[in-house]
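Q: Structure incoming, see below.
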Amino acid sequence: MNKPAFAALAEYMDLLLDAICVVDPDHRFSYLSPGAKRVFGYEPEEMIGRSMFDFMHPDHHAETLLRAEQVNNGGDVLHFENRYIHKDGSVIYLHWTARWSEKDQMRIGVARDVTAQRALEHEREALIERLEHMALTDSLTQLPNRALFYDRVRTAQARAERDAGGLGILYLDLDKFKAVNDHYGHATGDELLKAVATRIQSAIRNTDTAARLGGDEFVVLVDASHTRQLDSAIDKVVNKIQAALKPPHIMKHGSLAITTSIGVAMWPEHGHSIEQLLHHADQAMYNAKRRGGNSASIIC
């Protein structure tokens, strides 16, 4: 390696924000441009003669070794990212381009610090995730909202048609919830709704979906792998929900009994569309409420 030649260009290399790195076949730094100080935090003299793996984040050793051997065998690396440990202890993201110098029998790579860009990308991804969560989640109870519930039902319908399965819709309405709001206030009503949501979620299976449509109205999608199992699955979920809601909700000024009227609809017996199923389950729920509440009803 003609180090004086590189040194003669150092004045111009120092204008670069990137670091030019020359590495021998055994992965030891042979030369680093002045930009290395900005990228790695070390003076070039502190890194020359040492293995690149001494400075690299351990999670990237194996993948980087494969890429290095690729370059050693004459291949070019145009887009590769890994992480290094800066001299100050922080983790930095580096974007590399590298190729093999046949004349010098060395790898020549250019490292660009893209830590700031990756941080912005992570922030953007987190923001998008939060916005998606807000768009598909009920803000009070953190259960899925109507849009997400409809999507889950459509997915379950497609799977049921393909696999000869079945699905049921439970429509839940709290009994005498208006009296709770009127007597204790909306803050207590909201507290009760959150408690109900938690209890419903704890009672259903992993394959089912509970959602809040609004007010004191909740729905549950009951998914069954076969139509013959649907009746049994619905009965079990209804019984578990009723058992979960049975203990009074303890508040700072007393306790509240929680009862609910539940209406049941099954696909495709009670409708093919989501709207038809919800309408049928809603009518069945009102049928249970007319009977005094605290029960489940299915209208055939």
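Q: Output wanted: per-residue J couplings in Hz (rounded whole) for the stretch 47-53, from phi through Karplus 6.51 cos²θ - 1.76 cosθ + 1.60, θ = phi - 60°, x for Gly and Pro.
A: Calculated HN-Hα couplings, in order: 9, 4, x, 9, 5, 5, 6 Hz.
Q: What does the charge count near His95 come to, summing +1 for each Lys or Arg and -1 for each Asp or Glu among other residues with Cβ under 13 Å from its Cβ?
A: 0
Q: Could you pull out every residue, at least 5 positions away or on a different chain, whose amide H is within less than 5 Å of the one on Phe80? Hs are placed 1.01 Å off N in the peptide plane, and Pro or chain starts have none.
A: Trp96
Q: Still on this structure, I have one more. Between Ser101 and Thr207, what length comes free when the chain is fully extended (0.36 nm per residue of separation minus the Cα-Cα distance, one decimal in nm)?
A: Gain on extension, Ser101 to Thr207, equals 32.4 nm.
Q: Convert each backbone phi in the stretch 238-253 into a coupling constant with the Karplus relation 6.51 cos²θ - 1.76 cosθ + 1.60 (shift: θ = phi - 60°), then list the ³J(HN,Hα) values in order as whole Hz, x for Gly and Pro.
A: 4, 5, 5, 5, 4, 5, 5, 8, 4, x, x, 8, 7, 10, 5, 10
Q: Okay, moving on. Using the Karplus equation 6.51 cos²θ - 1.76 cosθ + 1.60 (θ = phi - 60°), what ³J(HN,Hα) coupling, rounded to whole Hz, does each residue of the stretch 278-294 give in order, writing x for Gly and Pro?
A: 5, 4, 5, 5, 5, 5, 5, 5, 5, 5, 5, 5, 5, 7, x, x, 6
Q: Can you tell me the relative contact order of the chain? Whole percent, Cα pairs under 8 Å, sequence separation 6 or more.
A: Relative contact order of the chain: 13 percent.
Q: Further question on the same structure: Please work out which option in (i) 19.0, 61; (ii) 19.1, 65; (iii) 31.7, 95 gives Rg and Dmax of the Cα atoms in Å calculated from these coordinates, and answer with its label.
A: (iii)
Q: With n ≥ 4 as the cut-off for DSSP H runs, can you work out [θ] at 222 nm for the chain, using -39500 (n - 2.57) per run divided by the number of residues, rounded to the nearest 500?
A: After summing the helix terms and dividing by the residues of the chain, the value is -13500 deg cm²/dmol.
Q: Something else: Equivalent-ellipsoid semi-axes (√(5λ), Cα gyration tensor) for the stretch 3-118, whole Å, largest first?
A: Ellipsoid half-lengths, sorted descending, are 19, 18, 13 Å.
Q: Out of every Cα-Cα pair in the stretch 137-298, what percent are more than 27 Å apart?
A: Considering the stretch 137-298, 20 percent of its Cα-Cα pairs are separated by more than 27 Å.
Q: Counting alpha carbon pairs within less than 8 Å and at least 6 residues apart, what relative contact order, in whole percent, applies to the stretch 3-118?
A: 25 percent
Since every read-out is calculated from the coordinates, none of them should be taken as a lab result. Quick caveat, the model's predicted, so the values are computed rather than measured. All Cβ positions, glycine included, derive from the backbone under ideal geometry; neighbour counts span all protein chains shown.
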